[in-house]
There are 2 protein chains.
Amino acid sequence: MIKKPLTDPAPCTGNLLAMTDTFDILGGKWKLLILHYLILREDINNTFKKIERDIVGISAKVLSKELKELEFNQLIKREEQKTKPITVAYSITEYGKSTKEIIDILVQWGQTHRIKILNED
Amino acid sequence: MIKKPLTDPAPCTGNLLAMTDTFDILGGKWKLLILHYLILREDINNTFKKIERDIVGISAKVLSKELKELEFNQLIKREEQKTKPITVAYSITEYGKSTKEIIDILVQWGQTHRIKILNED
DNA sequence: CAGCATCCCGTGGGATACTG
DNA sequence: CAGTATCCCACGGGATGCTG
């Protein structure tokens with residue numbers, strides 16, 4: 001039987017670092033919701049206003065900040081359209097689609113949890 | 001702690017709701033780090049003090065709050081030990097282990113992202 | 001319409017001290 | 001040791017108004 005060092009310094013630093021990286025980029029309550037929205041509506045003209053209306057509870061100020069950060073990290077693409085009053089369309093990038101597996105697992109976990117809770121008591 | 005259904009015309013309401021449920025339970029920057037820590041150290045005596053030391057950056061006040069919420073949602077178990085100055089050990093529950101797939105994906109994504117960034121420019 | 005500037009408030013969380 | 005209680009401040013984010 002092999003013993004581990006007793007004074008075990010913070011275990012798995014690498015993993016913690018990687019998770020923190022992910023939180024930094026995708027963290028907060030909105031980014032993954034926005035990515036989910038854009039992934040499902042890949043071929044649609046998703047204007048700022050439309051996103052703001054569809055994602056219930058988000059304010060324009062916060063949405064603006066979130067979109068900017070997502071664009072900075074190349075997860076979404078921003079395109080100004082030459083309309084009368086200017087409109088802007090946002091879309092998912094190929095790289096942005098890599099978050100789909102995260103989203104799917106979070107959705108699945110949430111659904112399972114809800115079922116678990118309902119079956120209690 | 002589950003949110004009430006939103007009266008929400010947005011597409012894919014169910015998915016958004018499920019994701020929001022997950023955020024409510026596992027959200028914030030600490031809960032998944034704590035679960036990850038406890039999953040890896042399943043058979044170890046994880047006292048409050050030990051966790052506080054190993055998870056760099058967390059304060060006792062916040063750790064206390066997070067542990068309470070995780071226990072409330074049955075993701076971890078709290079056990080007082082009959083030591084001289086009382087100690088408390090926390091451990092992952094079977095249900096808590098269901099978060100491992102989430103953690104694994106977040107770790108993996110973070111690592112991949114880091115590699116991507118390094119290979120740019 | 002998109003999104004920035006301002007003002008303003010609630011609260012999350014740090015620092016510190018105290019208790020069982 | 002494992003928390004709890006207080007004080008206190010920074011800042012996230014709402015509301016509103018303005019501009020290109």
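Against the definition (within 13 Å of DNA strand D (Cβ to nearest atom) and either more than 14 Å from every other protein chain (Cβ to nearest Cβ) or out of contact with any strand residue (DSSP E or B) (no Cβ under 9 Å at 6 or more places or on another chain) (or both)), how does A:Lys97 come out, yes or no?
no
Please note which helices (runs of 4 or more DSSP H) are completely contained in the stretch A:6-121 and include at least 2 residues that are loosely packed, with under 15 Cβ neighbours inside 10 Å.
Correct list: A:13-26, A:48-54, A:60-72, A:100-118.
Can you name every residue in the stretch B:22-80 that is within 15 Å of DNA strand D (Cβ to nearest atom), within 12 Å of chain A (Cβ to nearest Cβ), of a type in the set (D, E, K, R) and over 17 Å from B:Tyr95 (Cβ atoms)?
Matches in the stretch B:22-80: B:Lys29, B:Arg41, B:Lys50, B:Glu52, B:Arg53, B:Asp54.
Here is a list: B:Gln81, B:Gln74, B:Gln108. Which entry is of a type outside the set (Asp, Glu) and at positive phi?
Step by step, each of B:Gln81, B:Gln74, B:Gln108 is checked, and only B:Gln74 is of a type outside the set (Asp, Glu) and at positive phi.
Please list, ordered by first then second residue, the pairs with beta carbon atoms under 8 Å, 6 or more apart or interchain, first in the stretch A:13-33 and under 15 Å from B:Tyr37 (Cβ atoms), second small (Gly, Ala, Ser) and modelled with pLDDT of 90 or more.
A:Leu17/B:Gly110; A:Ala18/B:Gly110; A:Met19/B:Gly110; A:Thr20/B:Gly110
The values are calculated or read from the model by the stated rules, or taken from the named source; none is laboratory data. This is a predicted model, so every value here is computed, not measured. Glycine also receives a Cβ, built like all others from the backbone with ideal geometry; neighbour counts cover every protein chain displayed.
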